[in-house]
1. For the chain, what does -39500 (n - 2.57) per DSSP helix run (n ≥ 4), summed and divided by total residues, give at 222 nm, in deg cm²/dmol to the nearest 500?
2. Which one of LEU178, LEU194, LEU222 has the biggest mean-square fluctuation once the chain is modelled by GNM with Cα springs under 10 Å?
3. Could you give me the ³J(HN,Hα) list for the stretch 191-207, computed from phi with Karplus coefficients 6.51, -1.76, 1.60 and θ = phi - 60°, whole Hz, x at Gly and Pro?
4. Please work out how much length the chain gains when fully extended from ASP171 to ASP152, using 0.36 nm per residue of separation minus the C-alpha to C-alpha distance, in nm with one decimal.
5. Can you give me the long-range amide H partners of GLY35? Hydrogens built in the peptide plane at 1.01 Å from N, cutoff under 5 Å, separation of 5 or more residues or another chain.
6. Kirkwood Rh and Cα-based Rg: tell me the resulting Rg over Rh for the chain, rounded to two decimals.
7. So what's the gap between the Cα centers of the stretch 184-204 and the stretch 145-168, to the nearest angstrom?
8. Skipping prolines and chain starts, which residues have an amide H placed within reach, meaning under 5 Å, of the one on ASP78, given they are 5 or more residues away or on another chain?
Amino acid sequence: MKKHIFVLHPAVGPTRDPAELAGMIGADVTITVGGLDAGPVHLASQYEVALAVPDCCAKARQAEAAGVDAIVIDCMGDVGVAEIRENVRIPVLGPYQTSLAVASLLGQRCGIATMARQVVPVMYAEARRYGFADAIAALDAIDMSVAEMAADPEERDRRLADLCRRMVERDGADTIILGCTEMLGAETRLSATLRALGADVAVVQPLVATIAVAAAMLDARLAHSKTAYPFPMFGNHVGYPHLGGAA
């Protein structure tokens, strides 16, 4: 069964090259990538997340109308996931919720290594909302920006290895979640490094795991419940002409 999955970057600006995911996902999956026309340039606060949601919903509805089979949000903030689910029938997945669920299948206690310390409280709050807070052994940051990780992947990998080793040895984590989708590619080296140190733990790359779960949901003919995520009751919006009416 061929599947078309749309990876939505919930900000205005450059998006990921789909070639980054080549070889990580099954050959029966076509991946396209897109971003927003209206919204924030960066996602560093809850305010900016709120600004992203309207155009995320518009882009999701456009994607469904164009024949996309599932949508994956390219941000660990799971930006707009609930709101998008109210606007479409196809599966919509956020990498944080999905990674927590996958980690719960792989181990008992997970460690989450994110990029910036300022997002740690938000990630704890979201984990509580998802029902996974008690499964988190540790949640900490390597203190690098996206630009810094891209400019110096060796330093990123060194900091990840040091942090995740402490999570395993000190905090009892048996599974690691990379806490940023921009850490794509770090999982293989991190797994090898930890294994060499005697820590044979699973490492979850959130974007790859989420796309794989979306593909599996499509194979199983599953999507989110419209009882849980009903279409908006009122379709009229003032000041959001690009949204149109409710589905």
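Derivation of every value follows stated rules applied to the coordinates shown; laboratory data play no part. Keep in mind the model is a prediction, meaning the values are calculated, not measured. Positions of Cβ are generated from backbone atoms using ideal geometry, with glycine treated the same way; all protein chains shown enter the neighbour counts.
1. Values: 8 runs with 98 residues, N = 247.
Calculated from helices alone, the mean residue ellipticity at 222 nm is -12500 deg cm²/dmol.
2. Of LEU178, LEU194, LEU222, the most mobile in the Gaussian network model is LEU222.
3. Ordered by residue, 3J(HN,Hα) equals 4, 5, 5, 5, 5, 5, 8, x, 9, 8, 10, 7, 10, 9, 8, x, 5 Hz.
4. Values: separation 19, 0.36 × 19 = 6.84 nm, distance 2.75 nm.
Extending this stretch completely gives an extra 4.1 nm.
5. Residues meeting the amide H criterion: HIS9.
6. Values: Rg = 17.9 Å, Rh = 18.5 Å.
Rounded to two decimals, Rg/Rh equals 0.97.
7. Each part reduced to its Cα centre gives a spacing of 12 Å.
8. The answer is TYR96.
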